[in-house]
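Peer 1: The structure under discussion is supplied below as structure tokens; questions concerning it will follow.
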Amino acid sequence: PLLRAVEQYSRKTDQNPTLLIKNNPPSWVTDTLDLLGFSSSQWVEWSNHKARIDTMLIPKLSYIHSFGAEFQPSDRAWVAEQMKSRVDLTKSEEFSKRVFVSRQGQDRRKIINFDEVINLLHDYGFDYIRPEQISIEEQIRLFDQAEVIIGAFGAGLMNMIFAHDASLIEIKPHKTAHTVYY
């Protein structure tokens, strides 16, 4: 969503700022930039501690702090539209329309009785995925055709922005109140 502000700035000023990204970024970072329409000539991998900068653009997320966080829906829609427009959604991969997003490869919010949960969900036609094990384009295609998405609170569930009209079932610890996905 921050890059939407960069795109708007470029459109209004006819200036294309250089994006600074961390040195040796994970492939998902550069893949995401590509899918958002930013070419490799528009970013620099930055490892220096000091720099002289004449003009600096610092975009701000559009959100309102309240009980949780209310993010600007149009920013998420822009991300989804930009990325989906650069992916061939007609590829014939057969993904389940019922997706369970696993966090078992992560350090936090793992499901303790994962085997029981996955066996139960399998009976209802759910396939489980670990987003970090598939490409961003595959994630977009998978969630684009999803009808039901289940998972624990985390970045993997943000892929729901690529879904047309999927139902979301969020698994979260008792007495927590994340409102991000609402």
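Peer 1: How do the pairs read when you match residues in the range 150-161 that are modelled with pLDDT of 85 or more with residues anywhere that are open to solvent by 10 Å² or more (accessible area, probe 1.4 Å) and part of a helix (DSSP H, G or I), using Cβ under 7 Å and keeping only pairs 6 or more apart or on different chains?
Peer 2: Ile150/Leu121; Gly156/Pro131; Asn159/Pro131; Asn159/Gln139; Ile161/Arg76; Ile161/Val79
Peer 1: If I go through the range 53-65 residue by residue, how many of them are open to solvent by 100 Å² or more (accessible area, probe 1.4 Å) and under 22 Å from Glu81 (Cα atoms)? Steps first, answer last, please.
Peer 2: Step one: filter the range 53-65 for residues open to solvent by 100 Å² or more (accessible area, probe 1.4 Å), giving 54-56, 58, 60, 64-65.
With the extra rule that they be under 22 Å from Glu81 (Cα atoms), the set shrinks to 60.
Total satisfying the criteria: 1.
Peer 1: Taking Gly105 as meeting all but one of (1) touching a residue at least 40 places away in the same chain (Cβ under 8 Å); (2) more than 13 Å from Leu157 (Cβ to Cβ), write down the number of the exception.
Peer 2: (1)
Peer 1: Another one. Which residue is nearest to Asp144 (Cα to Cα), if the candidates are limited to the range 156-173 and must be open to solvent by less than 50 Å² (accessible area, probe 1.4 Å), of a type in the set (A, V, I, L, M, F, W, C) and not in a loop (DSSP other than H, G, I, E, B)?
Peer 2: Phe162
Conditions (1) under 28 Å from Leu19 (Cα atoms); (2) open to solvent by less than 90 Å² (accessible area, probe 1.4 Å); (3) of a type in the set (Asp, Glu); (4) in contact with a Leu (Cβ under 9 Å, 6 or more places away or on another chain), marked per residue:
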{"site": "Ala51", "(1), (2), (3), (4)": "yes, yes, no, yes"}
{"site": "Ser74", "(1), (2), (3), (4)": "yes, yes, no, no"}
{"site": "Asp88", "(1), (2), (3), (4)": "yes, yes, yes, no"}
{"site": "Phe95", "(1), (2), (3), (4)": "no, yes, no, yes"}
{"site": "Val99", "(1), (2), (3), (4)": "no, yes, no, yes"}
{"site": "Arg108", "(1), (2), (3), (4)": "no, no, no, no"}
{"site": "Val117", "(1), (2), (3), (4)": "no, yes, no, no"}
{"site": "Glu138", "(1), (2), (3), (4)": "yes, yes, yes, no"}
{"site": "Gln145", "(1), (2), (3), (4)": "no, yes, no, yes"}
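Peer 1: Do you know which residues across the range 8-30 are more than 16 Å from Thr55 (Cα to Cα) and of a type in the set (A, V, I, L, M)?
Peer 2: Ile21, Val29
Peer 1: Next question. Does Ala146 fit the bill of being small (Gly, Ala, Ser) and touching an Asp or Glu at 6+ places or on another chain (Cβ under 7 Å)?
Peer 2: Numbers: small (Gly, Ala, Ser): yes; touching an Asp or Glu at 6+ places or on another chain (Cβ under 7 Å): no.
Taking the combined requirement at face value, the residue does not satisfy it.
Peer 1: Continuing with the same structure: Are any residues in the range 145-176 farther than 21 Å from Arg109 by Cα and among the aromatic types (Phe, Trp, Tyr), and if so, which ones?
Peer 2: Phe162
Peer 1: Among the residues of the range 3-49 satisfying the criterion of being of a type in the set (S, T, N, Q) and closer than 19 Å to Asp75 by Cα, which is surrounded by the fewest Cβ atoms within 10 Å (Cβ to Cβ)?
Peer 2: Applying the first criterion (of a type in the set (S, T, N, Q)) to the range 3-49 yields 8, 10, 13, 15-16, 18, 23-24, 27, 30, 32, 39-42, 47-48.
In the following step, the residues that additionally are closer than 19 Å to Asp75 by Cα were identified as 8, 10, 32.
Details: Gln8: 12, Ser10: 15, Thr32: 17.
Across the range 3-49, the extreme among qualifying residues is Gln8.
The values are calculated or read from the model by the stated rules, or taken from the named source; none is laboratory data. None of the values given here were measured: they were computed from a predicted structure. Quick reminder, even Gly has a Cβ in these numbers, built from the backbone with ideal geometry, and neighbours come from all protein chains shown. When the accessible area is computed, the model is the full protein with side chains, heavy atoms only, and any ligands, DNA or RNA have been set aside. Shrake-Rupley method; radii C 1.70, N 1.55, O 1.52, S 1.80 Å.
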